[in-house]
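What follows draws every value from the coordinates through simple rules; no lab data is involved. From a predicted model like this one, the values you see are computed outputs, not experimental measurements. Cβ coordinates were reconstructed from backbone atoms using ideal geometry, including for glycine residues, and neighbour counts include every protein chain displayed.
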């Protein structure tokens, strides 16, 4: 079984590049060049250097002693929350901006949901002196104000997406339209493993540093690179893709993806795509998609702005279909409680997206020797207002 | 015989194709608008299948899609309405829409139904030519529909040739690298792109769309191609119209 993308851009039946012809030259330019560029020695050296000195990698693999006692397993936290800008998102934006420079692009656009990818993009644009526009749903701009201001401080123009539910899906539509209108001088930095080929593969490769480090760190720590479980939350799925990447062919490592159940998968207010989605096409790729019987895209819901996307990356759809990754979901309340729990047990306030991954610990049965790695994808600073509003602490 | 192929056999100049969104501005407007367009003298009717996420469209058509969906439009109903249009309209009819609603309906079932109710052609902007050739062309050909691809100023000559070879009706040349929307006029770069296409002597005729909104822009595109496609400007007219019959007649007269 192979879990890698094939030469046509598919993971099993999922993936491809379903784009209007106006975007074809852009996507083709990327498809023909991305592997060549990111495998150049000069690229690798600059990417690694920036990840080390600017992002602060490698991030620690932290043995969470008190959580381990509580759940009777050996629980390790991969501390992506300690990355510069507060989440794993910057691994990808560093990679893509270096790629954009080598393609001769002068301007950058991006979409953002929770604002983490927007901030990570604004950051690398400031670093490289490139003009940056970030599209963000108006509703997300309201619930993630600090990140909007961070982007503005960094010199990025934040443009509200006013259509649909005014969240991540709509911001992505707007960014794609912008790209159609500015095809030659602009690179679109997609923030997750979604979009037309080669984006899902490209973003997964840039994020794969997470699992590469986990292997090395575990090997040093316990003399064995393989955990029994790797757990990560899934919206579009970029942190999960990075955390799973170098374990995909090690079938004895159990991989768990955690989706946002919202108010519950049966309530109509959910973002659990593997439960509620059917095969469909959105934002340029075929994947699982939450939609009506008529093929209209359903507005997803989650308390977490980073998880309320109506699809998942095509790689994850394939991992779900083949059973390589087990997908679970947790509700808003379960995630919020887990966020508070981690704060009080380990002194780490997680992003609400990440809190979803923590919340499955109480639903699983571990053997005492099980090594469990949770990808702590982001920190909770941006979510203070949501924690305060929720209020049960 | 397919009405689009028939049309291009007899006429290759100043053809006018008009796009509107099914179910906009009201759910039942689809049929009367087609009647008014035929009466006003257009050559092809393009009916849009509304979609929640129309990424190739500018604000005007986005809004019409949303209103149409809110009005309750869907593909089943649209095919029913086309059957109604066919009772009183003999113009070629094209359905234009994004791939996802069509896939959920079932591609083959959709093409068969469309052919049966009197549709002549399809435009599916997010269905790339390679996927089309591999998975869908056979079905479209078997049901004697045409399929039209888009090309833009950034499309390479090699790819235009490939699209030309895969086409069986006409090619939709997008006037600029943009989403849909009305424009005031064309730049010299755009005109030289039109000229370049004209000089390529393609197998299929081509119509130019995006930014065709008035007499000047229609005349400009007609100089280089078989005619023009009007979309957003017509949607704007429908949005503000109080008397569809006379407004549509005046609008089409003004374009010619």
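What fraction of the Cα pairs in segment A:45-201, stated in percent, has a spacing above 29 angstrom?
Every Cα pair in segment A:45-201 considered, those over 29 Å come to 22 percent.
Based only on Cα atoms, what mean projected area does the convex hull of segment B:45-137 have, in nm²?
Mean projected area for segment B:45-137: 6.1 nm², to one decimal.
Under the classification rounded if a/c is under 1.5, otherwise prolate if a/b is larger than b/c and oblate if not, where does segment A:227-342 fall, given a ≥ b ≥ c as square roots of the Cα gyration tensor eigenvalues?
oblate
Just checking the output field for B:46-55: average partner chain Cβ neighbours within 10 Å of each residue's Cβ?
6
I want to check the label-to-label distance for residue A:106 and residue B:38. Put each point 7 Å from Cα in the C-beta direction and report it in nm to one decimal.
Result: 5.3 nm between the two label points.
Can you compute the helix-only [θ] at 222 nm over chain B? Use -39500 (n - 2.57) per DSSP H run of at least 4 residues, normalise by all residues, nearest 500 deg cm²/dmol.
Rounded to the nearest 500, it is -14000 deg cm²/dmol.
For residue A:362 paired with residue A:41, estimate the spin-label separation in nm (one decimal), with each label point 7 Å from Cα along the Cα-to-Cβ line.
5.4
Once you order the gyration tensor axes a ≥ b ≥ c over the Cα atoms, which shape class does chain A get: rounded for a/c under 1.5, otherwise prolate or oblate by comparing a/b with b/c?
Rounded, because the longest to shortest axis ratio a/c is under 1.5.
Hey, with R₀ at 22 Å, roughly what FRET efficiency would residue B:134 and residue A:184 work out to, going by the Cβ-Cβ distance, to 0.05?
The value I calculate is 0.15.
Is the shape of chain B rounded, prolate or oblate, going by the alpha carbon gyration tensor and its root eigenvalues a ≥ b ≥ c, with a/c under 1.5 for rounded and a/b larger than b/c for prolate?
rounded
Which of the peptides A:156-162, A:181-187 is most tightly packed, and how do the rest follow, judged by the mean count of other Cβ atoms within 10 Å per residue?
A:156-162, A:181-187
PRE reach from residue B:1 (point 7 Å along Cα→Cβ): which of segment B:107-143 fall under 17 Å by backbone N?
Under 17 Å, as judged by backbone N against the label point of residue B:1, lie B:120-121 of segment B:107-143.
Between the alpha-carbon centers of segment A:328-349 and segment A:198-217, tell me the distance in whole angstrom.
So the separation of the two Cα centres works out to 25 Å.
Counting DSSP beta bridges with both partners in the protein assembly as shown, what percentage is antiparallel, nearest 5?
If we restrict to bridges inside the protein assembly as shown, about 20 percent are antiparallel.
Among A:22, A:130, A:176, which one shows the biggest mean-square fluctuation in a GNM of chain A, springs joining Cα atoms closer than 10 Å?
Answer for the Gaussian network model of chain A: A:22.
If you restrict to DSSP beta bridges whose two residues both lie in segment A:1-155, what percentage is antiparallel, to the nearest 5?
45
Counting only other chains, and only Cβ atoms inside 10 Å, what mean value do you get across the residues of B:97-105?
6
Using 7 Å Cα-to-Cβ label points, what is the residue A:127/residue B:28 separation (nm, one decimal)?
Result for the modelled spin labels: 6.1 nm.
Dividing the convex hull volume of the Cα atoms of segment B:87-133 by its residue count, what figure in Å³ per residue is obtained?
With only Cα atoms used, segment B:87-133 gives 83 Å³ per residue.
Roughly how many whole Å is it from the C-alpha centroid of segment A:19-77 to that of segment B:9-59?
47
If you average the alpha carbon positions of segment A:102-138 and of segment B:130-207, how far apart do those two centres end up, in angstrom?
Cα centres, segment A:102-138 to segment B:130-207: 32 Å.
Quick check on chain A: helices-only [θ] at 222 nm, where DSSP H runs of length 4 and up contribute -39,500 (n - 2.57) each and the sum goes over total residues. Nearest 500, please.
Taken over chain A, the calculation gives -12000 deg cm²/dmol.
Quick one: order A:7, B:142, A:259 by neighbouring beta-carbon count within 10 Å, fewest to most.
A:7, B:142, A:259
When DSSP beta bridges are limited to those with both residues in segment B:125-256, what percentage is antiparallel, rounded to the nearest 5?
That works out to approximately 0 percent antiparallel.
May I ask you to derive the FRET efficiency for residue A:226 and residue B:249 from their Cβ-Cβ distance with R0 = 56 Å, giving the value to the nearest 0.05?
Calculated value: 0.15.
Using Cα springs under 10 Å in a Gaussian network model of chain A, which residue among A:210, A:190, A:222 shows the largest mean-square fluctuation?
Judging by the Gaussian network model, the answer is A:222.
Who wins for biggest fluctuation among B:113, B:157, B:131 in a Gaussian network model of chain B, springs between alpha carbons below 10 Å?
Among B:113, B:157, B:131, the largest mean-square fluctuation in the Gaussian network model of chain B belongs to B:131.
Give me a single rounded figure for A:9-17: the average over its residues of other chain Cβ atoms within 10 Å of their Cβ.
Across the residues of A:9-17, the mean count of other-chain Cβ atoms within 10 Å is 1.
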